[in-house]
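Some notes on the structure that comes next.
Every number here is computed from the coordinates shown, using simple stated rules; none is lab data. Keep in mind that what you see is a predicted model, and the values were worked out from it rather than measured. In this analysis, Cβ positions are derived from the backbone assuming ideal geometry, glycine residues included, and neighbour counts consider all displayed protein chains.
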Amino acid sequence: MLENRQLKFIVRYGGKMRKLFFLLLVSLLFVNLYAVGDVKLIGGLASSNFSFSRDPGSDFGIDIDQYQKSKLGLIGGIGFVMGSNLGVEIDVMYIQKGVRFEGSGSDPLFAETGVFDVSANLDEISVPVLLRYKFLPGTSPYVLGGGEVAYIISSKAKYTVTDAATQETYSGTEELDQSDNLNKFDYGLVFGAGVEFSSLSVSFFVEGRYHIGLANLFKSDTDTPAQVEGDDWVRTKALVATAGVKF
């Protein structure tokens, strides 16, 4: 049997080793793809949200959909394009995903608050693998689609609450416990389209994508953000707008 200090070491450093291993694989991907195709530098914004199998406020008798809003985040990274008109694109990107609940009311869920602003924030390293079709040589529109696998490197909940009676404001940030409640990997489908503007040595592009998460973010038997068990699921979705250069 393992001693207590061995168990503590595994719990404390196991997650860090998995993260290091994932980053090592990404680094090897960089080295191999750089030599076989064009390189894209990508930057932009992501408007993301969560999909729920059922209303997370149903356990409290509350329709929480009226408070749910999309959350704006950053996206940036590097892509590798192999092939001319029909080809494959593999990207390595940092993307911020999440969901936001904002409003006012005296529902029991919010402990009779006057105004509240609560958000869940996920920072992911995403690796989309996409089939890409460019309609014409040179300047041309293109479409792409495929799948992505992402590793959640950070997960936080932020809140700002104003008490209706005293008008006092409370705010803070809490780490979401990935080891107990949150799955570390996200995956799903990606579809999009863009326009590439070609010049002699460098091309510019603008692009839009839609990410459809298929992974259940929360593990079974957890109270975050509601009792998620059995067939219940919580998934990400994001509308992404990017621009950049390809060389």
Checklist outcome for this item: Simple SL model, points at 7 angstrom along Cα→Cβ for Thr169 and Leu74; separation in nm is 2.4 nm
Checklist entry - If you rank Ile153, Ile90, Ile75 by fewest surrounding Cβ atoms within 10 Å, what's the result? => result Ile153, Ile90, Ile75
Next on the checklist: If neighbour count is taken as other Cβ atoms inside 10 Å, put Ser199, Ser48, Ser155 in order from fewest to most.
Outcome noted: Ser199, Ser155, Ser48
